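Trainee: Mind having a look at this structure? Questions to follow.
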Amino acid sequence: MILLQLQVINSTYVNRAATRVISLIFIGYISVHLGVLSPVQAMLWLGACLLVEAGVIGTLRHLMSKHAAEVDLATPVDLRGVKILTALTCWLAAIPAVFTPLHPIQTQVFGVLLCVGGLIGIASQRDMRRWTFLTNAPIFAGALIANLFMLATPENRWVFLVLGAVFIANTVTASVTTSMALNGLVESRMDAARANLAKSMFVARMGHEIRTPLNGVLGVADLMAMEDLPPRHHAHLELIRQSGRALLSLLNDLLDFSKIEAGKLTLTPTPQNLRLAVEPACAAFGIMAQEKGLSFQSDLAAIDAYFNIDGPRVGQIIQNFLSNAVKFTDLGEIRLSSARVENTVIINVTDTGPGITDDEMPRLFREFSQIEHSGRLKAGTGLGLSICSQLAKLMGGEVTCTSAKGAGSTFTLTLPVVPLSAPVPEAPVTALAFRERTHAKIRPETRRDEAQAPALRVLVAEDHPTNQIVISGLLANAGCDFHIAPNGHKVVEAWRVGDWDLVLMDIQMPVMDGLAATRLIRSLELSETRPRTPIYGFSADAMSHQVAEQLAAGLDGHLQKPVQIEALFQLLGDIERSIHGRSDPVIPISEFVAPAP
């Protein structure tokens with residue numbers, strides 16, 4: 001609550017500093033004009049006021065920057081300095097009114113007006129301190145009584161003094177009432193912030209907990225897909241894999257929505273060919289469209305160029321468009337087209353589905369909102385299009401839809417881009433020699449001489465028994481020489497006595513977590529002058545701020561759980577290339593993971 005109060009104080013003083021300074025200059029000019037203060041006195045007074053004003057603003061900005069990253073909403077903040085400086089500001093501002101009773105009647109009227117304005121200003125101060133009025137207002141209140149006393153005649157002096165006392169009492173009441181009302185608003189805001197923080201922490205925690213068993217489901221399914229199974233079993237296995245990946249997609253949507261809502265979703269634009277970011281979605285959903293008997297066409301020629309853009313997020317948006325098009329279209333075709341207009345990229349996904357009415361259109365991009373088709377809702381969370389719209393806005397673009405009931409829909413992604421020159425092509429990615437050795441029964445002509453390509457040595461930090469089985473099976477199928485360590489302490493011990501090509505580091509482990517183990521390994525590398533070992537995070541902690549924390553601790557990259565065998569084998573291939581300098585053509589994953597018949 002103190003932090004929220006500090007924000008209110010900051011907005012009150014800093015945002016209105018110019019108004020206060022102009023008012024002080026005007027009061028100083030009138031004081032000199034009426035002879036209340038000499039020009040020298042007015043300059044000294046004004047300089048002292050401005051100096052204290054600067055002190056208040058500087059102190060507030062220091063406190064805001066110091067406590068900006070606080071997570072605990074009730075973190076105490078030492079506001080004594082601010083309270084003293086604001087009281088001193090009010091006392092200094094009241095000095096001209098203190099001198100007006102010593103001058104003719106016109107200056108006493110000026111003093112009354114100055115005191116009234118000062119008391120009203122103090123009563124409206126939003127510093128959330130109930131009795132701040134009693135520390136900031138005494139000089140103004142005393143000056144008001146003195147001016148009224150000198151302004152009145154002896155016969156009606158008591159009337160003036162009663163009126164002054166009533167005014168002071170009313171300003172005290174106004175100050176207390178305003179403070180109580182604003183305190184109530186702050187408490188309500190704090191309750192909402194606490195609830196939002198608890199929800200975000202719950203989503204992040206549940207995301208980690210759900211990924212762990214899901215890693216077991218998908219990992220074992222991928223392992224079984226590498227085996228020679230009867231066609232009927234392969235069909236059942238493929239159903240498990242598809243359902244697991246659908247669950248993973250829903251989980252990713254919920255985590256993305258949570259990050260967007262908390263304002264923590266960050267983009268990572270890099271120079272890349274936009275066509276390559278969109279093609280995988282076209283390939284996957286093109287097959288699904290054909291399986292439904294739909295015609296599928298894609299034209300990516302306009303985006304076959306390099307831009308500084310977050311390609312995976314663009315691919316996520318197009319994947320959502322195509323997923324909805326395939327889901328809701330039963331007859332006809334789906335078309336993906338692209339265009340460039342100067343520095344703007346336009347990607348359209350058109351379908352011949354049931355379409356959307358004008359009444360339904362406002363709910364289209366609203367979170368947790370779904371539109372009925374044929375009297376029923378399709379499976380989903382209702383988050384996909386909302387996330388797409390937010391992602392497009394983060395990239396400076398927008399997502400729109402044109403549709404008519406019974407005439408299909410067109411979803412459009414419009415993004416501002418700056419074309420880049422194509423980078424110098426790198427050497428082709430190495431063939432995964434360990435893959436070829438492992439699957440010699442599938443491709444016997446690819447067997448390599450063991451002396452030519454020794455097995456990669458991989459150290460795995462993993463404490464969960466299911467995950468140990470999954471990663472052991474994948475690394476065994478990849479022909480790696482590996483060792484499983486159940487906690488960070490065991491990882492460091494194994495690293496010190498072995499020569500490892502790669503470390504896959506789980507983050508949440510007993511005894512010593514992955515980040516602490518990584519920091520210790522990096523420090524030992526420096527002290528013992530050992531070469532740097534590639535260490536990759538291997539964890540369900542996959543939110544952007546969590547990955548950033550891992551990289552800051554010394555990790556070289558991150559593999560997300562549930563593990564995708566394509567990503568794992570690509571990493572192993574990159575490590576082998578860096579060791580052996582190989583440059584063989586890539587073996588497609590389909591060569592050794594049998595598809596469903």
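Any read-out appearing in this document is the output of simple, stated calculations on the displayed coordinates, not a laboratory observation. Quick caveat: nothing in here was measured; it's all calculated off a predicted structure. Note: ideal-geometry Cβ built from the backbone for every residue, glycine included; neighbour counts use all protein chains shown.
Trainee: What list of ³J(HN,Hα) couplings, whole Hz, do you get for the range 153-166 from phi and the Karplus terms 6.51, -1.76, 1.60, once you set θ to phi - 60° and write x for glycine and proline?
Mentor: With the stated coefficients, the range 153-166 comes to 7, x, 5, 10, 4, 4, 5, 4, 5, 5, 4, x, 5, 4 Hz.
Trainee: Please identify every one of the GluC sites (Glu not before Pro) in the range 457-529 that sits in a loop by DSSP and has no more than 15 other beta carbons within 10 Å of its own beta carbon.
Mentor: Sparse-neighbourhood loop GluC sites (Glu not before Pro): E528.
Trainee: First measure r as the distance between the Cβ atoms of Q508 and D299, then evaluate 1/(1 + (r/R0)^6) with R0 = 51 Å and state the FRET efficiency to the nearest 0.05.
Mentor: It comes out at approximately 0.65.
Trainee: For the range 468-574, which trypsin sites (Lys or Arg not before Pro) are in a loop by DSSP, counting at most 15 other Cβ atoms within 10 Å?
Mentor: Listed in order of number, the matching sites are R532.
Trainee: Still on this structure, I have one more. So which of K327/K561; K199/K405; K199/K490; K199/K292; K199/K393 end up more than 32 Å apart by C-alpha?
Mentor: K199/K405; K199/K490; K199/K292, as the Cα separations exceed 32 Å there.
Trainee: Given an 8 Å cut-off on Cα distances and at least 6 residues of separation, report the relative contact order of the range 270-420 as a percent. Provide the component values of the computation, followed by the final result.
Mentor: Numbers: 296 pairs, mean separation 37.3, N = 151.
Across the range 270-420, relative contact order equals 25 percent.
Trainee: Another question about this same structure. Find the Cα radius of gyration of the range 270-420, compare it with 2.2 N^0.38 Å by division, and give the number to two decimals.
Mentor: Details: Rg = 14.9 Å, N = 151, 2.2 N^0.38 = 14.8 Å.
After normalising by residue count via 2.2 N^0.38 Å, the value is 1.01.
Trainee: I need the trypsin sites (Lys or Arg not before Pro) found in the range 280-358, filtered to DSSP loop residues with at most 16 other beta carbons within 10 Å of theirs. Provide the component values of the computation, followed by the final result.
Mentor: Values: sites: K292, R313, K327, R335, R340; in loops: K292.
Within the range 280-358, the qualifying trypsin sites (Lys or Arg not before Pro) (loop, at most 16 other Cβ atoms within 10 Å) are K292.
Trainee: Can you list residues from other chains, or at least 5 along the same chain, whose modelled amide H is less than 5 Å from the amide H of G557?
Mentor: G537
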